[in-house]
Amino acid sequence: MPTNKPIPTSTTEYEHQYWQRVANGDVCIAHCQACDHVYHPPRRYCPDCYSDEWEFEPIAGTGTVYGYTSIHRPTERFASDTPIVSAIITLDEGPRLMGRVACDSEAIAVGTRVRLDTSGLSSDNVRLTFELLTK
Amino acid sequence: MDVFQHVLAPMISSNLLGDRYRMQLRPMKPVLIGYGETSVGESLNCRYEELNMWATREALRDVDLEPDDIDGLIATAPFRTERFPLPRLIEYLGIAPLNFAELTGVGGASHVTSIHRAAGAIENGQAETILVVAADALHSDIGPRTVIEELSDSVSEFEDPANIVPSLYAHVANWHLDTFGTTRKQLAEIAAIAHEHASLQRAERAHRQEAKSADEILDAPMVATPLTADQCALISDGGAAFIVTTEENAAELDQVPVRLTGFGARHTHDHISQMPSFNETGAIEAGQRAMAEATVDHADIDVLQIYDCFTITVLRILEDLGFCERGNGGDLVDSGALRLTGKWPLNTHGGALAQAHPGMPCGIFHITEALRQLQGRAEATQVDNASTALVHGNGGIFSTQAVAILERGECHAD
Ligand SMILES: [Zn+2]
C-alpha cells in the first residue's frame, strides 16, 4: 500500500539531500559560507550572493509560532489526519519554515514556543512535527 | 544619421508603411472604452477557447468594433496549461494578424498589470487597439475537487502538502486576529458585503445570488481556521474582456473613455512561509506609487475593487493601501464604509467571494466592474457620480500585487 506521506520526488539533488536528512531525523537549514546567509528552502546557489559554497547545518529545533491554522479540509490524501494544526515557525536560527504542531487547535497562538519532535520522522513520513514547549 | 529623416520619413511619405504605422509615429493617449462578460456559473458547457470568444464577442459588440480592428492581445493561459495558448487564441478569435501579443503571468495581479501593459504598448505605438481577455471553464471542464487538488500540487513541497490554498491564507488571518484583536465576525462581514452586492446583480452575472449575514457565513463548514467555506473564493465558469485603444478612437466610437492615471506593482515571495512579514504586502508600495502617479488621495476614491480570494486578503490589503490604520481593518469593516452606501463601496459586483472566480481570469471582473461604475452602467449597484476607481490584484499567496487608478474621462463625441 502506498504511503501518503512520502519523501517528495520531483526535486533537485540538493532538495533530495534535504529530504533524506529529514527522513533520518537530521533536520537542517542551508548556511552560506561566502556571505553567512542562513536560508530555507535549500537551493543550489545562495539566494543572497549566488555562491554555491553553502552547507547544511543542523537546527536546534526550537522556534516561535508566527502563523498557524487548523486545517479541517486538507488535500484528499491527508483527509484522515484532520484537523491538522499547521504552523509557520520562526526557527531560533532565523529562517521560517512550515510544520505541524501536535496540539489541540485551541492551544496554539502567535508567539507560542515549540520544539521539533524528530521521533516520528522516517522515509515514510517527512512532515516536520513540533510539540508545545511549556514551562 | 537621423533615422527618422533619412529612413522613416521617406517611407512614410511614400506610404510604404501604410496609414496605420504613419499614425502611430505620434504619441497616443490610451483609454479603456468598453468591456464584455460571459455569463458566470457552474455549467456553461463551454471550453476555454469558446469562453474567451464569448467574452471577446461581448466586448467588441459593446464598443462597436470588428475582430479586424484588434491589433494587440493580452490573454491568460487556461488552468490546465496549453503549451502555446497565445497563437491558439489569436487564430481562434479571428483577430490575426496582430502587432502585439502577451500572456499574463502574475496570477490574480495579472489583469490589473495588463491595463498598464496595454496602455504602454499603445503609447509607444506597438499597437492601437488591444483586447485584454481572460476566461476559463474551471467548474464544468475541470471540477472543483480537481481544481483544489491540482492547485495544492503546485504548492512547493517545502510547505505542507495537506494544504489547500485557503489554509495558506489562513496563517495570515490568525496572525491578524492574534496580533490586533480582529474578530472572526469582522472577517466574515467582508464576505457578507460581497454576497449582498452579488445578490443585486442580474442572475447570469453572479454565481451566488443569496444575501448572507456574517453569522450565516461563520456557520458555513470550516475549511481552515478561521476561514469558513463562505470566506473562500468560488470556483466558477466564466470570463471577461475589455478594450484599450486611443483617445481619438474612443471619441470616434462615441465611448466614455476611462483613463489609467496611476499604476504600481510589487512582487515579494512565493512560499507563504517566506513572506517577509504578515503585516505588510507589496500592495503598500504598489498602492503608494499608483496613487502618487494619479495624484489622488483616499478621499478621491469612489469605488474600491480589491482582489478577494479570501476575506483576509481584503482586510490585509485595505490596511496596506492605507484606507485605515494598520491593525484597524476590522473597525473599517464594522464602520459600514465598504457597503454600497458607504464612503468606499467595496467590490460592487460581489467579487471572487460571491460573483465569480473562474481561476486565473478571476481579477478581470474587478476591472470590468470598475468600468461599469465609471461609465455609469452598474445598474442596481451603481455608485452615484463614480469617477475614480482603485482596482487591486493579488496573485499567489500574497505574492504578487498590482494597483491601478482608473478615472472617467469626458466623452468628446456629440
Ligand atoms: Zn551567500
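Bear in mind these aren't lab numbers, they're just calculated from the coordinates by the rules spelled out. This structure is a prediction, so every number in the text was calculated from the model and none was measured. A quick note on method: Cβ atoms are made from the backbone with ideal geometry, for glycine too, and the neighbour counts reach across all protein chains shown.
Give the separation of the Cα centroids, the stretch A:72-135 to the stretch B:226-296, in Å. Here the two parts' Cα centres lie 35 Å apart. So for chain B, averaging the separation of alpha carbon pairs under 8 Å that are six or more residues apart and normalising by length, what relative contact order in percent results? Averaging sequence separation for qualifying contacts and normalising by length gives 24 percent for chain B. Taken residue by residue and averaged, Cβ atoms of other chains lying within 10 Å of the Cβ of A:78-85 number 2. Rounded if a/c is under 1.5, else prolate if a/b beats b/c, else oblate: with a ≥ b ≥ c from the C-alpha gyration tensor eigenvalues square-rooted, which is chain B? It comes out prolate by the Cα gyration axes. For the protein assembly as shown, a simple Cβ point-charge model (Lys and Arg +1, Asp and Glu -1, everything else neutral) yields a dipole of about 500 debye relative to the Cα centre. The aspartates and glutamates within cross-link reach of B:Lys185, meaning a Cα-to-Cα straight distance under 12 Å and a gap of 8 or more places when in the same chain, are B:Asp215, B:Glu216, B:Asp219, B:Asp331, B:Asp334. Every helix of 4 or more DSSP H residues in chain B counts as -39500 (n - 2.57), and over all residues that averages to -10500 deg cm²/dmol at 222 nm. The modelled label-to-label distance between B:Glu252 and A:Glu57, using points 7 Å beyond Cα along the C-beta direction, is 6.6 nm. In chain B, the longest principal axis of the Cα atoms and the axis of helix B:165-180 are about 60 degrees apart. Helix B:283-294 and the long axis of chain B differ in direction by around 40°, with both axes built from C-alpha atoms.
Pairwise Cα distances in the stretch B:51-137 exceed 22 Å in 19 percent of cases.
Working from Cα pairs under 8 Å separated by at least six residues, relative contact order for the stretch B:324-387 is 23 percent. Here the stretch B:238-342 is described by how far its Cα atoms reach on the three principal axes: 50, 35, 34 Å, from widest to narrowest. Can you tell me how the stretch A:1-124 classifies by the Cα gyration tensor, rounded, prolate or oblate, using a/c under 1.5 as the rounded cut? Note, shape of the stretch A:1-124 comes out oblate.
Result for chain B in a Gaussian network model with C-alpha springs under 10 Å: among B:Asn99, B:Asn385, B:Asn347, the largest mean-square fluctuation is at B:Asn385. Other protein chain C-beta atoms within 10 Å of residue C-beta, averaged over A:55-67: 2. Protection proxy ranking, highest mean first, for peptides B:153-160, B:124-131, B:293-300, A:88-95: B:124-131, A:88-95, B:153-160, B:293-300, where packing is the per-residue count of other beta-carbon atoms within 10 Å, averaged. Normalised size of the protein assembly as shown, defined as Cα radius of gyration per 2.2 N^0.38 Å with N residues, equals 1.03.
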